[in-house]
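The values are calculated or read from the model by the stated rules, or taken from the named source; none is laboratory data. The structure displayed is predicted, hence computed values, not measured ones. Here the Cβ positions follow ideal geometry from the backbone for every residue, glycine too, while neighbour counts run over all protein chains shown.
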Amino acid sequence: MKNITKLKIGVRNDFKNWLEETYQQLLIFHYMPRPRIECEDGFHMSVQGGDYTYSHPRKNGFRFESMEIGFPSEYEELIRGYAESNDFTDTVYPYVPIDVIIEVIKKHGGFKKNIEKV
């Protein structure tokens, strides 16, 4: 039970740190997409939030209630209900709650370690 709790807290903190780090890039380059999230098991997805995305709030920052997921590397049941089309790896998932995004990352083993920073 402790390992599950540790992973949940770890992923939540990793996600928060990722949002803050990628927001710093947005400040420097005005608007550029955040890098894809890569998970330990090889799953990856685009997660975007800001002025021109399906997120809440719809402004650049790093505090969101929901964000846009795009083009996951494989079908993921946890986000199916948000898909804009039935081609689940070639679509956008608007307004996905942050807790759901964290659950997806956790399900796939958390953030991949030792990835190059953009």
If you scan the range 61-78, which residues turn out to be within 15 Å of residue 16 (Cα to Cα) and either under 11 Å from the mean Cα position of the chain (by Cα) or surrounded by 18 or more Cβ atoms within 10 Å (Cβ to Cβ) (or both)? 64, 66, 67
Can you find a residue in the range 111-118 that is within 22 Å of residue 20 (Cα to Cα), of a type outside the set (A, V, I, L, M, F, W, C), in contact with a Gly (Cβ under 7 Å, 6 or more places away or on another chain) and at pLDDT below 95? no
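Among the residues of the range 72-92, which ones are in a loop (DSSP other than H, G, I, E, B) and of a type in the set (Gly, Ala, Ser)?
Our first condition is that a residue be in a loop (DSSP other than H, G, I, E, B); within the range 72-92, this holds for 72-76, 83-91.
Once the filter is applied, which keeps residues that are in a loop (DSSP other than H, G, I, E, B) and of a type in the set (Gly, Ala, Ser), the range 72-92 yields 73, 83, 85.
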For the range 79-92, which residues satisfy the criterion of being farther than 18 Å from residue 35 by Cα and crowded, with 16+ Cβ neighbours inside 10 Å? 79, 82, 83, 88
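Does residue 4 satisfy being more than 15 Å from the chain's Cα centre (by Cα), at pLDDT below 90 and either surrounded by 12 or more Cβ atoms within 10 Å (Cβ to Cβ) or within 15 Å of residue 107 (Cβ to Cβ) (or both)?
Values: more than 15 Å from the chain's Cα centre (by Cα): yes; at pLDDT below 90: yes; either surrounded by 12 or more Cβ atoms within 10 Å (Cβ to Cβ) or within 15 Å of residue 107 (Cβ to Cβ) (or both): yes.
So residue 4 passes the test.
To keep it simple, each residue is scored yes or no on (1) among the polar types (S, T, N, Q); (2) touching a residue at least 12 places away in the same chain (Cβ under 8 Å); (3) buried (at least 18 other Cβ atoms within 10 Å of the Cβ); (4) outside any loop (DSSP other than H, G, I, E, B).
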| site | (1), (2), (3), (4) |
| --- | --- |
| 22 | yes, yes, yes, yes |
| 33 | no, yes, no, no |
| 42 | no, yes, no, no |
| 45 | no, yes, yes, yes |
| 50 | no, yes, yes, no |
| 59 | no, no, no, no |
| 94 | no, yes, no, yes |
